[in-house]
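Coordinate-derived values only; no laboratory data. It should be emphasised that the depicted structure is a prediction, and the values quoted were computed from it without experimental measurement. Reconstructed Cβ throughout: ideal geometry from the backbone, glycine too, with neighbour counts over all protein chains shown.
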């Protein structure tokens, strides 16, 4: 039976990956920071689908967390067949205003931990001559995005790394795919203060992203871009000069930044609702 390790599995796209793979009969290893959410999801999925679900609480924004996660799998004799590198978070605003420690957390989480997990689990997949690595990137990977400077850069790293690794592993039995969704309706908006209903780009749902991603991995595609509008944006970026696309990114991102500023103003005035405080 296939064993799938999913990082950032407690909500959003990660939770959707867990539900989709569980429905396919795969055993799961769910990793995230929230023990309570992981435990609740584990109980539900193991009961509904009669699968094995292992919960590992781990904050992958720490430099040594990938080693700890893999060590926990090895100590329980769990062989990982599919690695889903999904854990991540979003910051929006001028680069000069972002706290350095948060920028460092983002780079470690999106890039360093992803590379470490891949490096540690890939040898076993190659030895067994089967496996998959599914990396969650973003449509921001295709160009620089003002007010999302580090986020977009880390996602570009993921896409580039995935494409190169896939070619290296051609014929090995191990597939590699990057999924590049656009804005997706998850709890990521709660942490930024950006209202998904007030931004200019369409906001999709996690489930179609996950289905497209798994299909792309099974077909050994280099990357997949869920959603027609997102595909148009990507192809537009190939036609227009990069300088024009970056400038267009300014117009879109300013709307997100304005929403964030409004959110902070409401927080200062004590006007946030219970959902905003979570």
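At q = 0.18 Å⁻¹, what is the log10 ratio I(q)/I(0) for region 1-94, with the Debye formula run over Cα points and no solvent?
Each listed q maps to, in turn, -0.74.
Cα centroid distance between region 89-116 and region 129-160, in Å?
A separation of 13 Å, based on Cα centres.
So if each residue of separation counts as 0.36 nm, and I subtract the Cα-Cα distance between residue 207 and residue 172, what length gain in nm does that give?
9.7 nm
Given the peptides 14-20, 218-224, arrange them by the average over their residues of other C-beta atoms within 10 Å, most packed first.
Top of the packing list down: 14-20, 218-224.
With 10 angstrom as the radius, rank 62, 49 by how many other C-beta atoms surround their C-beta, starting from the fewest.
Fewest-to-most Cβ neighbours within 10 Å comes out as 62, 49.
Please list, in order, the residues from region 71-111 whose amide nitrogen is less than 19 Å from a point placed 7 Å along the Cα→Cβ vector of residue 33.
85-93, 98-111
Highest mean first, what order results for 106-115, 89-98 on Cβ atoms within 10 Å?
The densest-packed peptide leads the list: 106-115, 89-98.
Obtain the nm distance between the two label points defined at residue 43 and residue 103 by a simple spin-label model: each point lies 7 Å from its Cα along the Cα-to-C-beta direction.
4.3
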